Amino acid sequence: MMDAPNKAVLVKVGQDALLADVQAGRHTWFIDEPVAAGGQDQGPTPYDLLLSALGACTAITLRLYANQKKWPLEAIEVRLSHQRVHRQDCDKCEMPSEMLEEVQKELRLVGPLTPEQRQRLEVISSKCPVQKTLMSGLRIVTTLVE
């Protein structure tokens, strides 16, 4: 991973804080936790970043599709939230394995679109690469380095 610095993301957290310094290519930013969780609230949370990646990918995918079709899509808003919910009809719902991670995604499509165009854009919204990655059962391989 470190052999391809332009494609790698480097995250550093010091000894005394939850504040993470993130470097991705030439871009840098902070990720933190709220004060109530022991952080300093100097940046978005890790889940905020995860949701923003999904929302940005969704909006960009919709923009590309609408532009290709020459549809009158003037603006796109994607509002996302994350929560843990119980599996339906569950006998052991308090057990961690009986909880599901859920993202609510709300689309606001601005412009004089037909009902058919709006419906098609809703379908296309689930085809963004980040959503496909999240839905695929992502495998994460961890290596301890010196």
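The values are calculated or read from the model by the stated rules, or taken from the named source; none is laboratory data. Treat the numbers as computed from the prediction; the structure is a model and nothing was measured. Here the Cβ positions follow ideal geometry from the backbone for every residue, glycine too, while neighbour counts run over all protein chains shown. Accessible surface is based on the protein model in full, side chains and every heavy atom, while ligands, DNA and RNA are left aside. Shrake-Rupley method; radii C 1.70, N 1.55, O 1.52, S 1.80 Å.
What are the residue pairs meeting all of these: first residue in segment 45-69, first residue among the polar types (S, T, N, Q), second residue open to solvent by less than 20 Å² (accessible area, probe 1.4 Å) and part of a helix (DSSP H, G or I), Cβ atoms under 8 Å, and 6 or more apart or on different chains?
Listed pairs, sorted by first residue: Thr58/Ser125; Thr61/Ile124; Thr61/Ser125.
Go through segment 109-146 residue by residue and tally those that are of a type in the set (D, E, K, R) and either on the phi > 0 side of the Ramachandran plot or surrounded by fewer than 10 Cβ atoms within 10 Å (Cβ to Cβ) (or both).
The qualifying residues number 3.
Tally the residues that are more than 14 Å from Leu49 (Cα to Cα) and either at pLDDT below 90 or acidic (Asp, Glu) (or both), restricting the search to segment 16-31.
Qualifying residue count for the region: 2.
Could you check how many residues of segment 42-51 are in a loop (DSSP other than H, G, I, E, B), under 20 Å from Leu80 (Cα atoms) and open to solvent by 70 Å² or more (accessible area, probe 1.4 Å)?
Counting residues in segment 42-51 that are in a loop (DSSP other than H, G, I, E, B), under 20 Å from Leu80 (Cα atoms) and open to solvent by 70 Å² or more (accessible area, probe 1.4 Å) gives 0.
Check segment 15-38 and report whether any residue there is surrounded by 14 or more Cβ atoms within 10 Å (Cβ to Cβ) and under 22 Å from Gln117 (Cβ atoms).
The answer is no; no qualifying residue exists.
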